[in-house]
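Below is one structure, written out as structure tokens, with a few remarks after it.
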């Protein structure tokens, strides 16, 4: 089979629906779970095939598939991957697989729907990463909302899960408006320049655009993606969702930073002149978010909220990196985004395991867990170290690239990033001290069980990857190198 | 021969991962497997020690090259971070000395830690620390040194918190680790600046390239590294963390804070020696900080009543002197001082637990005569000059307060401004409501509005919806006939009274005044 010509991406996008169909037809929870698992495994293998057959030397898009979709609007079903997006495919597939395994035994009602929705979410998320037609991208972007709405609203662990689901959806719809607007402006601009509408990302990249129009498009795209990322002041949905949503969904949301990916993929390349001159707005937004969220994280007493704020702070650093516009920061950004799918989600899943055991992740209900749960403690500690950028974990190369890149652009912002890193470490370690270390005060904690084989196997894969990428960062950097250089070369200073 | 340098940090790392993984999965656990763990750790560090000595021997007889380049760890554009090791000179000598000390302490700990609950954990951390420390000393690249630096700090955290069920131990560990993060940030900033201004991340090249650097740049770059050195070697104002670190088991105190890790800061100064030659201000700062630390630690040390505290303040004092020597440029003296101090202090701290037995019949030494006379000064010294409460007051408290304020702002102001929707379908909470819904009655009429929202955005949406709804039902649905005329008349009356009021001279004067204020 020739991978280069085989419509691999379409297959990846549509295969989960086969699983969904099977789950819908078969009326047995046990079999449905196994079907979901098998589908996720096949998806992972398929995305890995795409990743390994990807030629990193090519700067442009490969695996491009083009079908007619809406001829009247000249919108196509256009898919493709490049060095920036290709690694996100296995990352999302792996994360979905982990999520399915993590929710294996703890979804008791409507289990079939739950697993079906997870598969649908996987499909549309992969669509976001691969779509090269702006309308198609927008379709996938908005299509992530219904599954998440139901996943939060139906299986949330907080009392206000329905409100949280609504809040999330409204925020995202609000973010979608400027995006759609920007896409329309881009398409009409193409029409005025060449005489016909076009939504193709590849064509829009070549379309000349007036400076003031570029600025409008840039700001609209930044606004739209900032809500999803999330950047301050649009971040308030994430702590709410982290508290109310099922932890595996929070893990998915925190692991896959679609907003930051959108900034990287669309906002900067589509308005290259405006981006080069107004990147400081984004940089400032990122720096404020980074320090602001890290400071707030210091005061959190609930693990899930703490992780939410730390995640926001990390997004701040990533966005600051994107806006720094140099190769080091850019490679660091992609690396760090991939790290999130391993680290942030790993920590959140561990929070979920705690929630299942004790019914709470609140600091005052915990304490001294290290004595009774050594494995849990070790895993949590390892993920935390990766999260604060300790050497030998993948957090370190990503963070050092980001910080050096940011310093190259602006020294002051680099110092701010370093301060944020100290605060983040302080927040996480203080929480570890309160929950895992110290003496056991509550009786119920003494009778708890450590991580079961299913649980530590689920988390063992991300841990292994974190260590491998930490020791050999060049594996990832080589893949993203040419795409990053090409990305930079497009910006007009 | 020189290729063997790679194995010096690698062997203890392998031992550490072996012990760590097997202990995590309970293969190595309890007293039975103590022998395996102890052997593993001992052989690993012993082998490293032999390698380091062999390498030192070949270096003494035949001159090795300066560095060995193993390969590239990371390469982005012109940022190239190589895995390279010193195979010559002071670094190798220090590696040999440290590995001997590490071996002695590891061997000592086998008996000392026997039947302790965390036996395997202790040897895991100790092996990891050995690897980190040897990496720190041998790496000829800033990032490599930093990797060792960070991991050593992490090990220090793990061993201070060795008795993790004790409140003070965990508190101290966390505090020490976060203090050390400040130095780490300085180190990263130094690496970044070195790369930006010198285009290189290797120690030797950085030194060679330092010449064209402007004075300010050299000062700033050197200051970042010096900050890292101050923190790691517990110089003022970071000295208090060292006393907190004494919480760990004695062998770890000996190796971390008595002899090996504490000298990492001084070693860092050796590495940036060429840079310091261009940064006279930072050199002066190093000398002054060293001097004050020496005085501070000596005075405080005189009033300490337990053996480990007084030893650690003595260490602090000697380190102050080392910094003073480095700041003044007496590098050769500092080298000898460092090696001698490391050896003596390791011995002293290892024998500290049995010291009380050894000196059982000796008379108690009186407090220093000067201090005994000046009681106020004595109190100052006893309280360690309130250095730690002071830093809490100046740095930690304001940050905590700011964090509290921001947290309040985020939760109560920003969240409301951004809005969060009220439940769309209100849950039925009482039987009466259920009945009510069944018969289709709506008793509580205040909830008949369809859209509900909270927060700024939510409320605005709700109000807009309400107004439009009202408008539609009153004007469009009921027809323009009755209500519209009524409301129109009422509106007309209100407008008329407004106009009458505005035409009164005092309001007119007020408006003119406001306009003038705005205009000028």
Global form of region B:1-140, assessed from the alpha-carbon gyration tensor, a/c cut-off 1.5: oblate
Length gained when the stretch residue B:397-residue B:310 is fully extended (0.36 nm per residue, less Cα-Cα span): 28.4 nm
In nm, spacing of pseudo-spin labels at residue B:43 and residue B:456 (7 Å Cα→C-beta vector): 6.7 nm
Principal-axis tilt of helix B:7-24 within chain B, Cα atoms, nearest 10 degrees: 60 degrees
Region B:169-356 - Debye-derived log10 I(q)/I(0), Cα point model, q = 0.17, 0.18 Å⁻¹: -1.04, -1.13
Cα-based helix-to-principal-axis angle, B:90-112 vs chain B, degrees rounded to 10: 90 degrees
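Mind running the shape call on chain B? Use the C-alpha gyration tensor, a ≥ b ≥ c as the square roots of the eigenvalues: rounded below 1.5 for a/c, prolate if a/b tops b/c, oblate otherwise.
Since a/c reaches 1.5 and a/b is larger than b/c, the shape of chain B is classed as prolate.
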Whole-Å distance, taken between Cα centres, linking region A:294-340 and region B:7-27: 31 Å
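Multiplying the sequence separation of residue A:38 and residue A:57 by 0.36 nm and subtracting their Cα-Cα distance, what value in nm do you get?
Details: separation 19, 0.36 × 19 = 6.84 nm, distance 3.28 nm.
Contour length minus the Cα-Cα distance gives 3.6 nm.
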FRET efficiency estimate (nearest 0.05) - Cβ-Cβ, residue B:80 to residue B:382, R0 51 angstrom: 0.45
Shielding by other protein chains, B:69-77, mean Cβ within 10 Å: 6
Efficiency of FRET between residue A:45 and residue A:106 - r from beta-carbon atoms, R0 22 angstrom, step 0.05: 0.25
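How high is the relative contact order of chain B? Use alpha-carbon pairs under 8 Å, at least six apart in sequence, and give a whole percent. Write out the running numbers ahead of the final one.
Values: 647 pairs, mean separation 50.9, N = 520.
About 10 percent, as a whole number.
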Between helix B:142-160 and chain B: long-axis angle, C-alpha atoms, 0 to 90°, nearest 10: 90 degrees
Cα centroid separation, region B:317-362 to region B:194-220 (Å): 33 Å
Principal axis dimensions, region A:8-490 - Cα atoms, whole angstrom, descending: 73, 58, 41
Largest-first principal axis extents, alpha carbons of region A:415-493, Å: 63, 34, 19
Residues A:202, A:186, A:220, sorted so that the one with the fewest Cβ neighbours within 10 Å comes first: A:202, A:220, A:186
Ranked list, fewest to most other Cβ atoms within 10 Å of each Cβ, for A:183, B:399: B:399, A:183
Computed over region A:133-205, Cα set: Rg, Dmax in Å: 16.5, 54
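I need the per residue convex hull volume for region A:69-187, using only the alpha carbons, in cubic angstrom as a whole number. Please report the intermediate quantities before stating the final value.
Working: hull volume 13.8 nm³, N = 119.
That works out to 116 Å³ per residue.
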Ascending count of other beta-carbon atoms within 10 Å, so fewest first, for B:376, A:161: B:376, A:161
Cα Rg, Dmax, the protein assembly as shown, angstrom units: 32.1, 113
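Answer rounded, prolate or oblate for region B:69-196, using the Cα gyration tensor with square roots of eigenvalues a ≥ b ≥ c: rounded when a/c is under 1.5, else prolate when a/b is larger than b/c, else oblate. Each step should come with its number before you reach the end.
Values: a/c = 2.73, a/b = 1.50, b/c = 1.83.
Oblate is the answer for region B:69-196, as a/c is 1.5 or above yet b/c matches or exceeds a/b.
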Förster radius 25 Å - calculated FRET efficiency between residue B:336 and residue B:277 (Cβ-Cβ, nearest 0.05): 0.75
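Return the average number of partner chain Cβ atoms within 10 angstrom of each residue Cβ along peptide B:157-168.
Working: counts 1, 1, 0, 0, 6, 0, 1, 10, 8, 3, 4, 0.
Average neighbour count from other chains, rounded to a whole number: 3.
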Residue list for region A:198-220, given a label point 7 angstrom along the Cα-to-Cβ vector of residue A:188 and an amide N cut-off under 13 Å: A:213, A:217
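Laboratory data are not the source of any read-out in this text; all were calculated from the coordinates shown. What you see is a predicted model; the values in this text were computed from it and never measured. Ideal geometry is used to build each Cβ from the backbone, glycine not excepted, and the neighbour counts take in all protein chains shown.
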